[in-house]
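First comes the structure, then the notes that go with it.
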Amino acid sequence: VYGKIRKGGVRTYIESTGDTNKYLHMIIALAGHEVAGIDEIYINDEIVTLDANGLVTDAKWNSKIRIRKHTGNETVPDDLLRVESAQITNNFVGVGIAYLYIRLEYDQDVFPNGIPLFTAIVQGKKVYDPRTSTTAFSSNAALCIRDYITDVRGLGDSAVNDTTFSASANVCDENITLAAGGTEKRYTMNGVINASQTPGDILQQMM
């Protein structure tokens, strides 16, 4: 994931616990790497509000859903899942995987159509900026391309010309005046790469 995008994920774990399967636990993997942040959560097509404990406070969901965000830098499993599950051990961490832990409490009136759709606004992969020697979130197109070329999930090639990439990043960061007012950066990248594609096809799409 590069830049910022609303996306769903892959359901990698599901388990029911409690008397008469009161709770349904799910893990939805959003990215196969650490991300800079997970912002708004959507249930179906509506943004929902979470309290400090992750409970969805919107009246429609009647506090029957709890969501916890994990950006991929964790060293221990989600504590709620670990406590309530008989299967989860301390090894169930999900190292380097950005994911949502979701717990649904059974209520036929709240979930008449079954499990709803969960998506999130994801701030994507942190990328290295040779201009500042820092690694942080950025949607700068040149920096995202540089990251893919050097990353082990991409070309894994460290022999890049950072002078050229620095110059390209400066061009991408130029502010362009919009006809409707305000400005935006000249070139940004906000999207998802599927690792099953060939590097050549991916780089062509990125360019």
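The values are calculated or read from the model by the stated rules, or taken from the named source; none is laboratory data. Only a predicted model underlies this, so the values are computations on that prediction, with no experimental measurement involved. Cβ atoms come from the backbone with ideal geometry, glycine included; neighbour counts cover every protein chain shown. Heads up: the accessible areas ignore ligands, DNA and RNA and are worked out on the full protein's heavy atoms, side chains in. Shrake-Rupley method; radii C 1.70, N 1.55, O 1.52, S 1.80 Å.
Observations on the structure shown:
- Every pair of residues 6+ apart whose Cβ atoms lie under 6 Å, when the first sits in the stretch 121-139 and is hydroxyl-bearing (Ser, Thr, Tyr) while the second is surrounded by 15 or more Cβ atoms within 10 Å (Cβ to Cβ) and not in a loop (DSSP other than H, G, I, E, B): THR135/LYS126; THR135/TYR128; SER138/VAL127; SER139/THR188
- Condition met for ILE5 (within 30 Å of THR188 (Cβ to Cβ), β-branched (Val, Ile, Thr) and in contact with a Pro (Cβ under 8 Å, 6 or more places away or on another chain)): no
- GLY37 more than 22 Å from PRO116 (Cα to Cα) and at pLDDT 95 or above: yes
- Subset of the stretch 48-70 (residues that are part of a loop (DSSP other than H, G, I, E, B) and either within 13 Å of the chain's Cα centre (by Cα) or surrounded by 18 or more Cβ atoms within 10 Å (Cβ to Cβ) (or both)): GLY54
- Residues that are of a type in the set (A, V, I, L, M), under 25 Å from SER139 (Cβ atoms), in a strand (DSSP E or B) and open to solvent by less than 60 Å² (accessible area, probe 1.4 Å), drawn from the stretch 14-47: ILE28, ALA29, LEU30, ALA31, ILE38, ILE41
- Residue count for the stretch 71-89 satisfying the condition of being more than 22 Å from the chain's Cα centre (by Cα), part of a helix (DSSP H, G or I) and buried (at least 17 other Cβ atoms within 10 Å of the Cβ): 0.
- Scanning the stretch 156-187 for residues that are touching a strand residue (DSSP E or B) at 6+ places or on another chain (Cβ under 9 Å) and farther than 17 Å from ALA142 by Cβ gives THR177, LEU178, THR183.
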